[in-house]
Amino acid sequence: NAGVTQTPKFHILKIGQSMTLQCTQDMNHNYMYWYRQDPGMGLKLIYYSVGAGITDKGEVPNGYNVSRSTTEDFPLRLELAAPSQTSVYFCASSYTGAKNIQYFGAGTRLSVL
Amino acid sequence: AQSVTQPDIHITVSEGASLELRCNYSYGATPYLFWYVQSPGQGLQLLLKYFSGDTLVQGIKGFEAEFKRSQSSFNLRKPSVHWSDAAEYFCAVVSTDSWGKLQFGAGTQVVVTP
């Protein structure tokens, strides 16, 4: 009964480095999402995908990239990390549509120093 | 512009007391409405949702929410708070004519005192 699994849970990155945050879901959901959470700001959508091979930008996509080669996996790539990307990142998935119950992973806490 | 507002950033409540968290939205039509809870160090968990019908909806952990169209509100309530209810609570909405993009409020941090 894994649901949405994110790795790693914590990471410290140096400025200019790159890394990939992993997200896997086992619910056969079509839609997947990446959010970032900053104190007092709620969650902001970075990228989303409505199915394998289809991705689109959310509210705050700059500095990030995604791919969706399978239904299960939706990795988030940070290129040339900056301190402004210090945040908690959440992956979520949902079956489809506007009646959109999203299931969230436990998050990745990332610090860029 | 579409928006979701949670007016209270932080609420302190005594264990056993009642709790009400406010949520207001600004959308052209009645959106779908959700409340999520985030316990410390955890992801978000759905408490309850409103799509249509009865304006008083029941959720998990003894929570309920009331949709008031005239006030564009979807306030969350619990009659008697337990220490385990200490968490951050997020109201979220999605437009009924969208693909399903959730818009979150800024969250309300709830502290429960003995």
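The values are calculated or read from the model by the stated rules, or taken from the named source; none is laboratory data. These figures come from a predicted structure and were not determined experimentally. Glycine gets a Cβ as well: all are built from the backbone with ideal geometry, and neighbour counts include every protein chain shown.
Data table
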{"quantity": "Selection within region A:38-51 - surrounded by 15 or more Cβ atoms within 10 Å (Cβ to Cβ) and in a strand (DSSP E or B)", "calculated": "A:L43, A:K44, A:L45, A:I46, A:Y47, A:Y48, A:S49, A:V50"}
{"quantity": "Total residues in region A:18-37, condition in a loop (DSSP other than H, G, I, E, B) and either touching a helix residue (DSSP H, G or I) at 6+ places or on another chain (Cβ under 8 Å) or surrounded by 14 or more Cβ atoms within 10 Å (Cβ to Cβ) (or both)", "calculated": "3"}
{"quantity": "A:G58 being at the interface with chain B (Cβ under 8 Å from one of its Cβ atoms), in contact with a Gly (Cβ under 6 Å, 6 or more places away or on another chain) and of a type in the set (G, A, S)", "calculated": "no"}
{"quantity": "Yes/no for B:T30 being part of a strand (DSSP E or B), surrounded by fewer than 19 Cβ atoms within 10 Å (Cβ to Cβ) and either at pLDDT below 95 or not small (G, A, S) (or both)", "calculated": "no"}
{"quantity": "Residue that is modelled with the lowest pLDDT [pool: residues in region B:70-95 that are closer than 15 Å to B:S3 by Cα and outside any loop (DSSP other than H, G, I, E, B)]", "calculated": "B:V94"}
{"quantity": "Matching residues in region B:96-114 - criterion: being in a loop (DSSP other than H, G, I, E, B), in contact (Cβ under 8 Å) with a residue 60 or more places away in the chain and either crowded, with 19+ Cβ neighbours inside 10 Å or within 7 Å of chain A (Cβ to nearest Cβ) (or both)", "calculated": "B:T96, B:L102, B:G105, B:A106, B:G107"}
{"quantity": "Qualifying positions in region B:8-18 - among the β-branched types (V, I, T), within 15 Å of the chain's Cα centre (by Cα) and either within 14 Å of B:R77 (Cα to Cα) or surrounded by 13 or more Cβ atoms within 10 Å (Cβ to Cβ) (or both)", "calculated": "B:I11"}
{"quantity": "Restricting region B:37-59 to residues that are among the β-branched types (V, I, T) and either buried (at least 18 other Cβ atoms within 10 Å of the Cβ) or under 12 Å from the mean Cα position of the chain (by Cα) (or both), the residue that is farthest from the other protein chains (Cβ to nearest Cβ)", "calculated": "B:V57"}
{"quantity": "Which listed residue, of B:G41, B:G53, B:G62, B:G100, is under 22 Å from A:S49 (Cα atoms) and not basic (K, R)", "calculated": "B:G100"}
{"quantity": "Residue check for A:T70: within 14 Å of another protein chain (Cβ to nearest Cβ), in a loop (DSSP other than H, G, I, E, B), within 17 Å of A:G53 (Cα to Cα) and out of contact with any Cys (no Cβ under 9 Å at 6 or more places or on another chain)", "calculated": "no"}
{"quantity": "Residue selected from region A:74-111 under the condition β-branched (V, I, T) and touching a residue at least 40 places away in the same chain (Cβ under 8 Å), by the criterion nearest to the other protein chains (Cβ to nearest Cβ)", "calculated": "A:T96"}
{"quantity": "Hits in region B:19-33 (condition: closer than 17 Å to B:D8 by Cα and either within 11 Å of the chain's Cα centre (by Cα) or without any contact (Cβ under 8 Å) to a residue 40 or more places away in the chain (or both))", "calculated": "B:E20, B:L21, B:R22, B:C23, B:N24"}
